[in-house]
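Taking it in order: structure first as structure tokens, then the write-up.
The values are calculated or read from the model by the stated rules, or taken from the named source; none is laboratory data. Since the model is a prediction, treat every value here as computed from it, not as a measurement. Quick reminder, even Gly has a Cβ in these numbers, built from the backbone with ideal geometry, and neighbours come from all protein chains shown. Just the protein is used for accessible areas: all its heavy atoms, side chains included, with ligands, DNA and RNA removed. Shrake-Rupley method; radii C 1.70, N 1.55, O 1.52, S 1.80 Å.
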Amino acid sequence: MAEQQAKASSQGNDSTNSSNQEARENEKNPAISNPRWEDTKGQAITKALVGDEVYLCADVTDIADGASATIKIVEKDADGKDDPVTTLSAVVSDGRIKYRWQVKYTADDDDADSQKELAEKGYTLPEYAFVVECGGATSGESGVLEVRGWIKVKYVDKSGNPLANKNYVVYLLDEKTCISGTTDENGFVQEDELKQGRYFIIFEE
């Protein structure tokens, strides 16, 4: 009788251990990792121009496809008082979150570094980062995306010929930005790292 009881007890322990192991295997640990900026080719990026299409991406673990996710973008400040930019809604698909976003210009003028940049260049450019929330989990913060403004305009003479190799000056209407340059062989004026805004161009004689 004692032997039968011992055997029954052993079988009970085996059953309990099996149930505990199965419960551990079925336990979900939702997580979001590797938040990153990507370009349209799927390459990780750290810079983009105003108007570019970029992707906000992250990998997920133990979160079902179709689950709703929230992406919060902030404009980074050197003093740590980051400014909210926008909140986006996305869904999990194939074990990841991916959202297409067009880079916008947001004034960055409320910290010491911004004031220094404003004094040196006459304009400031934002730096963005984001976090993702989904399934009760929150990612770490992404790397910074440095935003650049730009213009590219083609000029021709009255006959339709490109104004090649012509000196010009770009003036922004804030009256603080003045940039000199020369058109290329096809008559294009192209300047990067500009403040978003209205401007005019004057050609030198």
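What to note about this one:
- Top-ranked residue in the stretch 32-46 [being surrounded by fewer than 16 Cβ atoms within 10 Å (Cβ to Cβ) and of a type outside the set (Asp, Glu); ranked as nearest to Val147 (Cα to Cα)]: Thr46
- Hits in the stretch 47-56 (condition: open to solvent by 40 Å² or more (accessible area, probe 1.4 Å) and either more than 13 Å from Gln102 (Cβ to Cβ) or modelled with pLDDT of 95 or more (or both)): Lys47, Glu53, Tyr55
- A search for C-beta distances below 7 Å between a residue of the stretch 55-82 that is part of a strand (DSSP E or B) and any residue that is among the acidic types (Asp, Glu) and modelled with pLDDT of 95 or more, counting only pairs 6+ apart in sequence or on different chains, returns Tyr55/Glu38; Cys57/Glu38; Ala69/Glu133; Thr70/Glu133.
- Residues satisfying the stated conditions in the stretch 139-178, i.e. within 15 Å of Asn34 (Cα to Cα) and either surrounded by fewer than 16 Cβ atoms within 10 Å (Cβ to Cβ) or of a type outside the set (S, T, N, Q) (or both): Gly140, Glu141, Gly143, Val144, Leu145
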